[in-house]
Structure formats: C-alpha cells, structure tokens
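Structure record follows, encoded as structure tokens.
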Amino acid sequence: MGAAIKPLVAGNWKMNGLKAAVSELQALVDGYDADLAAKVDSMICPPATLIAQFADVTGNSAVAIGAQDCHVNVSGAHTGDLSAQMVADAGAVAIIVGHSERRADHGEGNEVVKAKAEAVWAQDLVAIICVGETEVERKSGETLDVIKAQLAGSVPAGATAANCVIAYEPVWAIGTGLTPTAQDVSDVHACMRDELSKAFGDEGATMRLLYGGSVKPSNASELMSVANVDGALVGGASLKAADFLGIMAAYK
Ligand code: PGA
C-alpha cells in the first residue's frame with residue numbers, strides 16, 4: 001500500500017436528535033483534541049433539521065457535518081425531499097447515500113443510489129456510499145457477490161479517494177449488537193479494495209472503506225485494526241459524545 005489513509009469516524013444520527021442535542025455535539029467538539037484530530041477525521045450526520053445549527057457550532061472545522069440522504073434532482077416539485085444543494089447550503093460537506101434503511105424503507109436500488117452520489121458530487125460534496133448484505137444473503141454464502149454487485153451498481157464513474165467514501169454495513173449488524181468476525185470484515189474489505197482498485201486504479205486503492213454496524217467503544221479497537229478498514233460509520237453509539245469519542249480512541 002502507498003501512503004497511509006487517514007481514517008474517518010462518521011456518526012449517523014438517523015431520525016434522532018432535537019435542538020437540545022447540540023450539547024452532545026459541543027461535548028464532542030471539546031473532546032476531539034488536536035492530537036486525536038491529527039490521527040482521525042470526524043463527522044456527524046444529524047437529521048437535516050439540525051444541519052445548519054450544527055455546522056454553525058463546528059464551523060466544519062474539527063468535526064465535519066454531513067447529511068443522511070438527498071434527492072437526485074437539484075430542485076423541483078418533490079414534496080418533503082431535500083436536494084444535495086440544499087443540505088450543502090445548510091452546511092453539510094458530505095452526504096450518506098444508499099444506507100440500507102433507505103434501500104429497504106424507500107425501495108432505493110443501485111441506480112437511484114448511483115444517481116444520488118452523482119447529485120452529491122455536482123455540489124462538490126463527498127458521497128458516503130453504503131453497501132451490505134442481509135442475513136439471508138450472508139447465510140447463503142452470497143456476501144461477496146452482493147457487495148460486488150452493489151459497488152458496481154452504486155458507485156458512479158469518476159469516484160476518487162477525495163469525493164467518495166464506501167461504508168460496508170452488514171444489514172443484520174445494524175442496531176442489533178451483532179458484528180461480523182474480524183475475519184469476515186477483512187474478507188469483505190479486501191474484496192472491496194480489489195474491486196475498487198480494478199475500477200478506479202490508485203483512487204480506489206486509497207479510497208476510505210468504513211465498517212458500520214454495532215460499532216461501540218468496546219469493539220472499536222478490534223474492528224478498526226482490520227486490514228482495509230479505514231474508519232467507522234456509527235449509528236447508535238454516535239448519539240453520545242462519550243461513546244463516539246470512545247470509538248475514536250481506537251486510533252489514539
Ligand atoms: P448502528 O448503525 O451503529 O446503530 O448499528 C450503523 C448505521 O446504520 O450506520
């Protein structure tokens with residue numbers, strides 16, 4: 001491998017958090033000292049209602065602020081939707097696309113996810129593209145095929161290490177307390193590295209590959225030390241600054 005990839009620990013707050021939760025963000029900013037910031041990048045993706053407030057607090061300096069989704073179009077008659085331009089305007093520097101909860105709850109397939117990633121790039125933001133197998137797919141031995149197909153279908157041409165982050169999130173590990181073994185994570189991340197390197201050359205070889213699914217302070221060191229794991233996408237444990245900092249401590 002070439003130069004070391006700087007890891008990223010990103011928090012996905014999902015549909016959680018009211019204005020008062022800014023105190024957790026402040027605690028995170030306070031605990032994320034220069035020493036830690038030199039070793040690991042940090043991001044919080046709050047619900048869209050909090051993006052502007054949170055971006056004001058962080059100034060997108062130490063802790064970056066991201067969004068959890070966007071529409072494929074930049075504006076128009078799409079009641080209830082938000083465009084990448086709108087969340088960028090509110091202060092987001094990255095957008096999660098293709099999270100399994102969007103894929104499942106909103107029927108978003110690879111084509112839509114790919115179009116969303118392109119919409120993210122059109123605003124010069126970073127796309128955090130999620131992939132992951134279901135429990136049934138894992139049990140039937142299809143994991144690597146599913147991941148390859150999702151990468152091929154969801155990651156647009158033009159992906160670079162700067163504009164794209166991939167998050168491997170086994171659906172069965174999200175919010176369940178279950179995690180794959182280090183070997184299983186290693187197998188998937190090696191496969192993703194291989195596929196992305198074939199597709200995007202050096203850019204794919206240096207793109208950040210996050211693991212997500214029940215990451216918490218007690219398992220972060222083990223998961224973050226797996227080869228080709230360049231950080232984490234954290235749900236539940238990102239809501240409390242102490243837990244999130246405890247996960248980042250894996251990189252101290
Ligand atoms: P979890 O969620 O950490 O609560 O399992 C991860 C995610 O869905 O991004």
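Scan segment 1-97 for trypsin sites (Lys or Arg not before Pro) in coil per DSSP, keeping those whose Cβ has at most 11 other Cβ atoms within 10 Å, and list them by number.
Working: sites: LYS14, LYS19, LYS39; in loops: LYS14.
Sparse-neighbourhood loop trypsin sites (Lys or Arg not before Pro): none present.
The phi-based Karplus calculation (6.51 cos²θ - 1.76 cosθ + 1.60; θ = phi - 60°) puts the 3J(HN,Hα) values of segment 212-225 at x, x, 6, 6, 8, x, 6, 10, 5, 4, 5, 5, 6, 8 Hz, whole numbers, x for Gly and Pro. Annotation for segment 73-158: trypsin sites (Lys or Arg not before Pro) lying in DSSP loop with at most 14 further Cβ atoms inside 10 Å of their Cβ do not exist. Considering only LEU25, LEU36, PRO46, and ranking their Cα positions along the charge dipole of segment 1-59 that arises from unit charges at the beta-carbon of Lys, Arg, Asp and Glu, the one farthest toward the positive end is PRO46.
Per DSSP H run of n ≥ 4, the term is -39500 (n - 2.57); total these for the chain, divide by its residue number, and report the mean residue ellipticity at 222 nm rounded to 500 deg cm²/dmol.
Values: 12 runs with 107 residues, N = 252.
Roughly -12000 deg cm²/dmol at 222 nm, from the helical runs in the chain.
Once you reduce segment 89-138 and segment 4-56 to the center of their Cα atoms, the two points are 19 Å from each other.
Shown here for segment 135-237: chymotrypsin sites (Phe, Trp or Tyr not before Pro) in loop regions (DSSP other than H, G, I, E, B) with at most 12 other Cβ atoms within 10 Å, of which there are none. Backbone phi angles across segment 226-237, fed through the Karplus curve with coefficients 6.51, -1.76 and 1.60 (θ = phi - 60°), yield HN-Hα couplings of 5, 4, 6, 9, 10, x, 9, 10, 10, x, x, 6 Hz in residue order; Gly and Pro are listed as x. Close amide H pairs (under 5 Å, H built 1.01 Å from N) link ASP230 with LEU209, LEU210, TYR211, residues at least 5 positions away or on another chain.
Taking 19 Å as the cut-off for C-alpha to C-alpha distance, list the pairs among LYS139/LYS216; LYS148/LYS198; LYS39/LYS114; LYS39/LYS116 that go past it.
Values: LYS139/LYS216 24 Å; LYS148/LYS198 12 Å; LYS39/LYS114 30 Å; LYS39/LYS116 30 Å.
Beyond 19 Å between Cα atoms: LYS139/LYS216; LYS39/LYS114; LYS39/LYS116.
Every number in this text was worked out from the coordinates using simple rules, so none of it is lab data. For clarity, every value in this text was computed on a predicted model and none was experimentally measured. Neighbour counts are summed over all protein chains in view; Cβ atoms, including those assigned to glycine, are modelled from backbone coordinates with ideal geometry.
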